[in-house]
Amino acid sequence: MPNCKCANMKLSNNTNLESQKKTADLSNSNGNHKQKVIIIFGPPGSGKGSQAELLSKKFYFYNLETSKVLEEKFKKARSGESIEVDGKKYFIAEEAKLWREGILCSTTLVTYLIKTRIEDIHSMRKSLIMTGSPRTLYEAQQLMPYLNEKFGKENISVIFLELTAKQTVFRNTNRRICELMRHPILYTKENALLTRCPLDGSKLVRRKGLDSPETIKVRLKEYEQRTLPLLTYFKEQGLEIKKINAGQLVEKVLKDILKALGKDYKNYEL
Ligand SMILES: [Zn+2]
């Protein structure tokens, strides 16, 4: 493995000047550069978003957050808008309603949207971090063979952020995000009194509906019944699952993830 520095640009709508400046010319990576995939998996509130954000800054990987892709879609949708996948129409307003109630959106639609995005990322020769996908067995069965083919199984890492049920409920009921960039603000003693995002100064808000106690109960049940069984699927696929204790401080969790990813990732650090 050559010591090439990965400089994948973030593609998100949140255009960030710093990432533009650091956009590297990947065309001269003479084919030795391996595109990687990190799948971060774990219950709501395990800090997937925070860790993905940190890792994407560290490695310059594309941060593919399923929740963001869906929320963008919901926000931009015209009234009555639908998307047709495999001959079936999915109405965006109906999907947004499921989302607000904490129920997983139609898995065919989510898979279609995420796969399309991955195709773009892959064709731009970027590595990616995924949070929120795959979230159902169907999605995994559609996405994993595709990821294996495009990126190679040896380049896919699955990180499992473990959190106790009690911590999961506590964190979700106290969760806030910033209005501007949706930076997740974990509930800690230090953060409890914060009213503005430390990174961009925008107001801290609760996600409408999604983080209410009733919705959290639904989300946890959905996670346990529909998402957690994917661990077995990943194992059957021969993927090693790297378990990380997500109940620690963000910084410590990140350290453990970096250690779990191994020295191969040193080449990607900026
Ligand atoms: Zn922010």
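The values are calculated or read from the model by the stated rules, or taken from the named source; none is laboratory data. Quick caveat: nothing in here was measured; it's all calculated off a predicted structure. Note: ideal-geometry Cβ built from the backbone for every residue, glycine included; neighbour counts use all protein chains shown.
Overview of values
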| item | result |
| --- | --- |
| Number of positions in the range 194-219 that are of a type in the set (A, V, I, L, M), away from the ligand (no atom under 14 Å from the Cβ) and under 19 Å from S50 (Cβ atoms) | 2 |
| Residue in the range 38-48 that is at pLDDT 50 or above and in a helix (DSSP H, G or I) present | yes |
| Residues within the range 253-265 that are touching a residue at least 24 places away in the same chain (Cβ under 8 Å), over 19 Å from S46 (Cβ atoms) and not charged (D, E, K, R), tallied | 1 |
| Hits in the range 225-252 - residues which are without any contact (Cβ under 8 Å) to a residue 12 or more places away in the chain and part of a helix (DSSP H, G or I) | Q225, T232, K235, E236, E251, K252 |
| Hits in the range 173-189 - residues which are in a loop (DSSP other than H, G, I, E, B), over 19 Å from S46 (Cβ atoms) and not aliphatic (A, V, I, L, M) | E179, K189 |
| Selection within the range 114-162 - in contact with a Gly (Cβ under 9 Å, 6 or more places away or on another chain) and surrounded by fewer than 21 Cβ atoms within 10 Å (Cβ to Cβ) | K153, F160, E162 |
| The one condition in (1) touching a Ser or Thr at 6+ places or on another chain (Cβ under 7 Å); (2) under 21 Å from F41 (Cβ atoms) that D86 fails to fulfil | (2) |
| Wholly within the range 52-128, strands (runs of 3 or more DSSP E) carrying at least 1 residues that are within 17 Å of the chain's Cα centre (by Cα) and not polar (S, T, N, Q) | 62-65 |
| Tally of residues being in contact (Cβ under 8 Å) with a residue 24 or more places away in the chain and within 16 Å of the ligand (Cβ to nearest atom) across the range 169-187 | 10 |
| Filter result (outside any loop (DSSP other than H, G, I, E, B) and touching a Ser or Thr at 6+ places or on another chain (Cβ under 7 Å)) within the range 142-167 | Q142, L143, L161 |
